[in-house]
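Only one structure is covered here, and it is reproduced in the block below.
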4 protein chains.
Amino acid sequence: MNSQYQACIEACSNCAIVCQTCSTACLREDNVKMMARCIALDMDCADICAMAAAAMARNSEFAKDICKLCAKICRACAEECGKHDHDHCQECAEACRKCAEECERMAA
Amino acid sequence: MNSQYQACIEACSNCAIVCQTCSTACLREDNVKMMARCIALDMDCADICAMAAAAMARNSEFAKDICKLCAKICRACAEECGKHDHDHCQECAEACRKCAEECERMAA
Amino acid sequence: MNSQYQACIEACSNCAIVCQTCSTACLREDNVKMMARCIALDMDCADICAMAAAAMARNSEFAKDICKLCAKICRACAEECGKHDHDHCQECAEACRKCAEECERMAA
Amino acid sequence: MNSQYQACIEACSNCAIVCQTCSTACLREDNVKMMARCIALDMDCADICAMAAAAMARNSEFAKDICKLCAKICRACAEECGKHDHDHCQECAEACRKCAEECERMAA
């Protein structure tokens, strides 16, 4: 493990999973229509978080660039999820904020 | 989080990262030529592990099928990595075996 | 390009894109609730198709196993999408059937 | 299909495949050691190209940001691959340049 990246890799891996979980839970809500942007952002956020974790694990030359973009997408996903009271949305917002902080530190 | 899958999701997420780390470390070894199959299997294993973790998090209808294939690829990667004395290969073999066991339990 | 796989790689790459397109279009339909399983299968199908295309391009030892699973998921997605009259669902069903056929030939 | 993105989606899908093909072909060269950075960049480039194609197909809010980063990674991969005379490297360099141009146009 590239130990300097470990906290950020873990935050990204976790956020990817939590976003996937949130997207599925949103699809099962009665008010799916209201959750459409949340689902769309969950999909973007899951993708970039998984990619960021993989790039850091490979010690990629572009790890910082990828983490910078990951932080931006996490912030948007946290803001949208944070608007909804569902537990899965609140947990997702929290995971996204944690991941954004780690990625911002990494990219600095 | 789909709690029934939690141990397997964690094993898959971890294995994906450890395989990416091993592929990069193998590329930096002096005897890269000897590590070619290890690198190739690391790439397959990282891909299927990330996909399995995502599918379980989404509570996918195909989670068991994907985990069954994930276990098969993890077994092959563990066997190949296990042949090499490098620490990153031994750690990867261990993560692959752990992930294979969790995936086999999941798919059963 | 591994020319023996070319038709299957193209079918998988195309199907991955068409499934992503369909998932977004479903999220914008008025009757999103009715489209929930379609969206979920689109996500599974997009993931395995992208992975199958990548594995064939890498000439992976597991290309046949991955294509076999890809065909199974494509068949399920084609069946679900085929039930909906939206153009994006009908196009997705068609791309999934085409991809399933190529993957079944590949895995044979 | 989101027709305004079609040329860029196709360039990204193609580049992802060509990078995977190049990474495997590099691993089979006698002088693998010399190809290590090429393989590493192929992996980064394949990942971001696949993600960019998927994000455009989903009409993601972040499609432009992702394409901007994709163009940057494609330029680096094209430069490295362009140094090597192997056919697979020259073909990869060409696919990366084409993809970078389309992504730059998209992100503008």
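A few notes on this one:
- Remark: residue D:54 matches the filter, which requires a residue to be within 13 Å of chain C (Cβ to nearest Cβ), closer than 16 Å to residue D:103 by Cα and surrounded by 22 or more Cβ atoms within 10 Å (Cβ to Cβ).
- Filtered by the rule that a residue be in contact with a helix residue (DSSP H, G or I) (Cβ under 8 Å, 6 or more places away or on another chain) and part of a helix (DSSP H, G or I), region C:80-93 gives C:80, C:81, C:82, C:88, C:89, C:90, C:91, C:92, C:93.
- Answer residue from region A:72-88, given it is touching a Lys or Arg at 6+ places or on another chain (Cβ under 9 Å) and in contact (Cβ under 8 Å) with a residue 12 or more places away in the chain and is nearest to residue A:5 (Cα to Cα) among those: A:74
- Any chance residue A:76 is away from chain B (no Cβ under 13 Å), of a type outside the set (Val, Ile, Thr) and either in contact with an Asp or Glu (Cβ under 8 Å, 6 or more places away or on another chain) or assigned to a helix (DSSP H, G or I) (or both): yes
- Residue match in region D:25-42 (condition: more than 20 Å from residue A:74 (Cβ to Cβ), of a type in the set (Val, Ile, Thr) and either in contact with a Lys or Arg (Cβ under 9 Å, 6 or more places away or on another chain) or free of Cβ contacts under 8 Å to residues at least 12 places away in the same chain (or both)): yes
- Number of the condition not met by residue B:1 [criteria: (1) within 11 Å of chain A (Cβ to nearest Cβ); (2) more than 17 Å from residue C:63 (Cβ to Cβ); (3) modelled with pLDDT of 95 or more]: (3)
- Residues that are touching an Asp or Glu at 6+ places or on another chain (Cβ under 7 Å) and either touching a residue at least 60 places away in the same chain (Cβ under 8 Å) or part of a helix (DSSP H, G or I) (or both) were ranked within region A:57-71; the one that is farthest from the other protein chains (Cβ to nearest Cβ) is A:71.
- Region C:90-106 - residue that is surrounded by 22 or more Cβ atoms within 10 Å (Cβ to Cβ) and away from chain D (no Cβ under 13 Å) and, of those, farthest from residue C:6 (Cα to Cα): C:93
- Subset of region C:8-45 [crowded, with 20+ Cβ neighbours inside 10 Å, in contact with an Asp or Glu (Cβ under 9 Å, 6 or more places away or on another chain), more than 11 Å from chain D (Cβ to nearest Cβ) and more than 14 Å from residue C:81 (Cβ to Cβ)]: C:8, C:11
- Just one residue in the set D:6, D:90 is of a type outside the set (A, V, I, L, M) and under 26 Å from residue C:47 (Cα atoms); that residue is D:6.
Listed here are the residues, each with its yes/no results for (1) farther than 30 Å from residue C:92 by Cα; (2) hydrophobic (A, V, I, L, M, F, W, C).
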site: D:24; (1), (2): yes, no
site: D:31; (1), (2): yes, no
site: D:49; (1), (2): no, yes
site: D:73; (1), (2): yes, yes
site: D:80; (1), (2): yes, no
site: D:84; (1), (2): yes, no
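The values are calculated or read from the model by the stated rules, or taken from the named source; none is laboratory data. Everything numeric here is computed off the predicted structure, so don't read it as measured data. All Cβ positions, even for glycine, are placed from backbone atoms using ideal geometry, and neighbour counts span all protein chains on display.
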